[in-house]
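Have a look at the structure below, then the notes.
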Amino acid sequence: MGFLGSLLGIIGFGIGIPLGLLLGFLLFIYVEPDDVKEPISRPIHEFDTNSLLDILPEIPLWVKHPDYDRIDWLNKLLSDMWPYLDKAICDVIKSTAEPVFAEYIGKFKLKSVEFKNLSLGTIPPSIHGIKVHETNENELIFEPAVRWAGNPNITLVLKLLSLRITVQLVDVQLFAAPRIILKPLVPTFPCFASVAVSLMEKPHLDFGLNLLGGDVMAIPGVYQYVQDTIKKQVASLYLWPQTFEIPILDGSVGSTKKPVGILHVKVVRAIKLLKMDLLGASDPYVKLSLSGDKLPAKKTSIKMKNLNPEWNEDFKLTVKDPESQVLQLHVYDWEKVGTHDKLGMQIVPLRLLTPHETKEFTLNLVKNTNPNDPHNKKWRGKLVVELTFKPFVDDSELFSGSLHGSGKREDMVGKGSEDVSLNRAGLLLVLLQGAEDVEGNHHNNPYAVVNFGGEQKKTKTIKKTRDPCWNEEFQFVLEEAPLKEKIRIEVMSRRTGFSFRRKESLGYVDINLNDVVHNGRINEKYNLINSRNGVLHVEIRWKVI
């Protein structure tokens, strides 16, 4: 029986294998499994209510909202770059979190906090649509719809007394709608000076938190409490209009600092200046300017043949950084022919001044600012000046006060905030950003001319273009608000080669400054008068002292 059983087993094995392979092949070729079906495409109007409710949350925003754009290329870019972005973002998280962890060392018997694992996983976030806003400002605004169902591996190890406690973050899901602003745009790579991020709505964040081998978020009541706490904290910090700003370029490289006040300088007199003329006298005058200012230096009148001149002349200079800027004073001996001889100089740091307080300085003139130069020990005379720094009134201060039932605010002294802005001196800033579709009859080399208060200021010339971009700012210091005045800006074209007409007008615009004073700022595009299709982009601000 043993031999017969073995023989029958061998015969059955030899017959069963070919027969099984044949039957399996036939089943694979001719029989389809019931659970594998071809996807059915149906118009959306054929779905019932329950089916629609199931699929609507998954539909991308670019399908539901026409103002959102589809950007598959960006998702492909994120997918390819994600391994490198993961490392870069984790390095930033680690460098940011470690100083925070260090503050808790020693508290609550905590000996150490460190990352055991830190990775955002292999699944990148996806952008379900992006909306771009067009504004007249010098900035770029866009709002992506971000979704991330990730598999991060973030593990913290806390050493408490002699215990090692492991906390692990798992199964993160994030839905957010941030607004990202690149501002201001500058002619230096990467062409924007900072990134400002704010959330347009409270983000949805879901995650698991493993502690001592169990999911803390599964405890009744804990999940909802953690969700509400996170949303409330994030909203208080980053929900619009709150912003999180990330500087990209240094202020000296990127955007130009905005004026913060006016420096009033009174050049009073000089004492015992050097004799530079053959007859034992000098013809002195003073040049004054602020460091870091590209505007031309201001000059006093010339006092002929006088070693103890008295000027008593007032000047106003625009201040951008009172902590770092200095007032530069140079005294020269005027010469009818040739260069003017330098009698001496001195500087005054603006940080020595108290706002709105007049301070008198009696300055010993030196040859230069090098303290080790032996020439600075020589007597060169003294210069007496009076300085007053008057900062601009901040908008929050200008419009602060109690809100009455009539809906009008009053300031702290009981006067309308609007009256405060009208009765003070200030600075008018005119920023010529550019023009569009300007066209001349003979040439297209546009530049702009600003005419206001008897002064005329010009931008640079952009050659061979109908869409010049100047981005130049001009300043006018005024004793009172220009309520009833207008400013004229004319776009001109200058001949660069041979032409019968050297200059020609491409259009102009007259702007009433009444709205600028009352609103503090305008930023508009104006249709040029005497132009076919020309448009001028101007920003004007009124800063009250």
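Quick look at the numbers
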{"quantity": "Count of residues meeting criterion [in a helix (DSSP H, G or I), surrounded by 12 or more Cβ atoms within 10 Å (Cβ to Cβ) and at pLDDT below 80] in the range 65-103", "calculated": "1"}
{"quantity": "Single condition Ile262 does not satisfy, out of (1) assigned to a loop (DSSP other than H, G, I, E, B); (2) at pLDDT 90 or above; (3) within 21 Å of Arg351 (Cβ to Cβ)", "calculated": "(1)"}
{"quantity": "Residue among Val326, Val331 that is β-branched (Val, Ile, Thr), surrounded by 12 or more Cβ atoms within 10 Å (Cβ to Cβ) and in contact (Cβ under 8 Å) with a residue 40 or more places away in the chain", "calculated": "Val331"}
{"quantity": "Residue in the range 534-544 that is among the basic types (Lys, Arg), open to solvent by 20 Å² or more (accessible area, probe 1.4 Å), part of a strand (DSSP E or B) and in contact with a helix residue (DSSP H, G or I) (Cβ under 9 Å, 6 or more places away or on another chain) present", "calculated": "yes"}
{"quantity": "Residue ranges of strands (runs of 3 or more DSSP E) in the range 458-513 with at least 1 members of a type in the set (Asp, Glu) and over 32 Å from the mean Cα position of the chain (by Cα)", "calculated": "503-512"}
{"quantity": "Subset of the range 317-368 (residues that are part of a strand (DSSP E or B), within 23 Å of Val393 (Cβ to Cβ) and hydroxyl-bearing (Ser, Thr, Tyr))", "calculated": "Thr318"}
{"quantity": "Residues satisfying the stated conditions in the range 151-178, i.e. open to solvent by less than 30 Å² (accessible area, probe 1.4 Å) and under 24 Å from Asp69 (Cα atoms)", "calculated": "Ala176, Ala177, Pro178"}
{"quantity": "Only one of Ile130, Ile181 that is surrounded by 15 or more Cβ atoms within 10 Å (Cβ to Cβ), in contact with a helix residue (DSSP H, G or I) (Cβ under 9 Å, 6 or more places away or on another chain) and not basic (Lys, Arg)", "calculated": "Ile130"}
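The values are calculated or read from the model by the stated rules, or taken from the named source; none is laboratory data. What you see is a predicted model, and the numbers here were worked out from it, not measured in a lab. Reconstructed Cβ throughout: ideal geometry from the backbone, glycine too, with neighbour counts over all protein chains shown. To get the accessible areas, we keep the full protein, side chains included, count just its heavy atoms, and leave off ligands, DNA and RNA. Shrake-Rupley method; radii C 1.70, N 1.55, O 1.52, S 1.80 Å.
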